[in-house]
Amino acid sequence: MTVLARADRRLILRLALGLAALVVLGVPFLLLALLVRAKWSPLLDLDTSVAGHLHTVAVGHAWLVTALEVVSNVFDPITFRVVTTAAAAFLIWRGRRRLAVWILVTIWGAALLGLLLKTVVGRTRPDLVDAVATAPGRSFPSGHALTSTVGCVVLLLLVSPLLRRRWRALAIVVAVLVPLTVGFARIGLGVHFLSDVVAGELLGLGWVAVTAAAFEAWRRDVGLPPAPPTEAEPELGDGVPEPTSR
């Protein structure tokens, strides 16, 4: 089997995995969106119950409210957008233009996608007596959950190749815990329902899978071998000859 044939097989496999991830994550998200839009009673009852119980706990513990606000503010969507955009600018300076474009499309595309879906679904935020926090805009999906998921996955893909195995495992744990903690904070502060947070995290994972698969196809289309977004990709015209047929 030639090197090109093996590369084609790897590309097809990665695109198939990306499509599978999109289906696995996209179907539950669409189902949640439809149920929220239709005001399905069992889901609304669950959301209301969880929001009410956590709100009761938050009202009785001022320190918990402060902690949840700190988490919510530190891991605000703006934080992830600034950090990832700065990383993209650094990569452009280092000549990694395609990787930088992938980062920018992934993080800012998620912002636009979240805003569009909030408008389409049109869900209002929880209305709680003695609310400990407020937030503007619509509720579904959670922008904090969406952006923290996308941002953590993007940053994980960027730093993983630079880390030793032990630190890589720690980075994975952090990348999982941060979106979960952020989602809990948004529910605990009473500004999102449980389904908003779950939908945001599902959408974030699915969106990264889509952009990563598109990145793979883009590389192959311009004559570069398939590779994960974080592997070095030599730029055509930057001292790397274009592949020729044999």
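Ranking Asp196, Asp76 by solvent-accessible area of protein heavy atoms (1.4 Å probe, all protein chains present), from largest to smallest, gives Asp76, Asp196. Relative to its Kirkwood radius, the Cα radius of gyration of region 76-194 gives an Rg/Rh of 1.04. Above 21 angstrom, tally the Cα pairs of region 13-146 and express them as a % of all pairs, no decimals. Considering region 13-146, 58 percent of its Cα-Cα pairs are separated by more than 21 Å. Within the assembled protein chains, the solvent-accessible surface assigned to Trp40 is about 120 Å², based on a 1.4 Å probe. Placing a label point 7 Å from the Cα of Asp45 along the Cα-to-Cβ direction, the residues of region 173-201 whose backbone N falls under 19 Å of that point are 193-196.
As a fraction of the 1.4 Å probe accessible area of region 117-156, surface on carbon and sulfur atoms comes out at 58 percent.
Other residues with beta-carbon under 15 Å from the beta-carbon of Ala135 carry, at +1 per Lys or Arg and -1 per Asp or Glu, a net charge of +1. Among Ile172, Ile107, the order of accessible area from largest down is Ile172, Ile107, computed with a 1.4 Å probe on protein heavy atoms. In this structure Val208 has an accessible area near 10 Å², from a 1.4 Å probe over the protein heavy atoms. Protein heavy-atom accessible surface, 1.4 Å probe, per residue over region 29-178: 58 Å².
Here region 167-210 has 87 percent of its accessible surface on carbon and sulfur atoms, given a 1.4 Å probe and all protein chains in place.
The values are calculated or read from the model by the stated rules, or taken from the named source; none is laboratory data. The structure presented is a predicted model; accordingly, all values stated were derived computationally and were not measured. Glycine gets a Cβ as well: all are built from the backbone with ideal geometry, and neighbour counts include every protein chain shown. Only protein heavy atoms, including side chains, enter the accessible area calculation; ligands, DNA and RNA are left aside. Shrake-Rupley method; radii C 1.70, N 1.55, O 1.52, S 1.80 Å.
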